[in-house]
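I have placed the structure first, in the form of structure tokens, so that the comments after it can refer back to it.
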Amino acid sequence: MVATSGDPLLETDAVDTLREVLMPRVRIITPNIPEAELLLGKRISSQDELPALACELSHRCGGVSVLLKAGHLHDDKLVDVFYNAESGETLRLESDRVATVNTHGTGCTLSSAVAAGLAKGMPMNDAVASAKDYISAAIRAGAEYETGHGHGPVHHFHNIW
């Protein structure tokens, strides 16, 4: 819905349809802070709000599980929050913040890693935690890349070479 650069990837009038028609048909959504703000219709300003907002977002989107990504907050630690609508559990997924511009595609990579874990039969909590570990390592491994201008890639194959 919103790129790392802040650019919108979805027409504003499509948000209600997304929230009310498409999202209730999936098991999990992985919004970043700007996307969650758009879906909730309110600003998010602190880490402390995330557990309650992930639960609220789940209810507003048809009862889906929500991995609310905290990368857009400016805290020293990066703590994503996962609300598992299937079990009612809320998990805090903490990682070190890496100083890099190489974050292009992190949201797509993270959600793909969750989907891959679920496709392999992992329980939801394990698939999300594994995906978080994977993207955190990929960001660290790709932090020093210098490829053109703007946001560069993470190292998707960090565990191979």
| task | Would you mind telling me the share, in percent, of accessible area of the chain contributed by carbon and sulfur at probe 1.4 angstrom? | result | 53 percent
| Probe 1.4 Å - accessible area at MET23, Å² to nearest ten | 20 Å²
| query | Based on DSSP H runs of at least 4 residues, each adding -39500 (n - 2.57), what is the mean residue ellipticity at 222 nm of the chain after dividing by all its residues, to the nearest 500 deg cm²/dmol? | reply | -10000 deg cm²/dmol
| note | Rounded to whole Å², per residue accessible area for the chain with a 1.4 Å probe reads 55 Å²
| query | In the Gaussian network model of the chain, springs joining C-alpha atoms below 10 Å, which of GLU49, GLU144, GLU11 carries the largest mean-square fluctuation? | reply | GLU11
| task | Can you tell me the dipole magnitude for segment 38-161 around its Cα centre, using point charges on the Cβ only (Lys, Arg +1; Asp, Glu -1), in Debye to the nearest 20? | result | 280 debye
| field | Extreme residue, positive dipole direction of the chain, given options MET124, THR106, LEU67 (C-beta unit charges) | value | MET124
| Say each of VAL98 and VAL26 gets a label point 7 Å from the Cα, pointing the same way as Cα to Cβ; how far apart are those two points in nm? | 2.3 nm
| Modelled FRET efficiency - R0 30 Å, GLU86 with ASP133, Cβ distances, 0.05 increments | 0.90
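The values are calculated or read from the model by the stated rules, or taken from the named source; none is laboratory data. Worth saying up front: this structure is predicted, and the values here are computed from it rather than measured. No Cβ is skipped: glycine too gets one built from the backbone with ideal geometry, and neighbour counts run over all protein chains shown. Just so you know, the surface numbers come from the protein's heavy atoms only, side chains and all, with ligands and any DNA or RNA stripped out. Shrake-Rupley method; radii C 1.70, N 1.55, O 1.52, S 1.80 Å.
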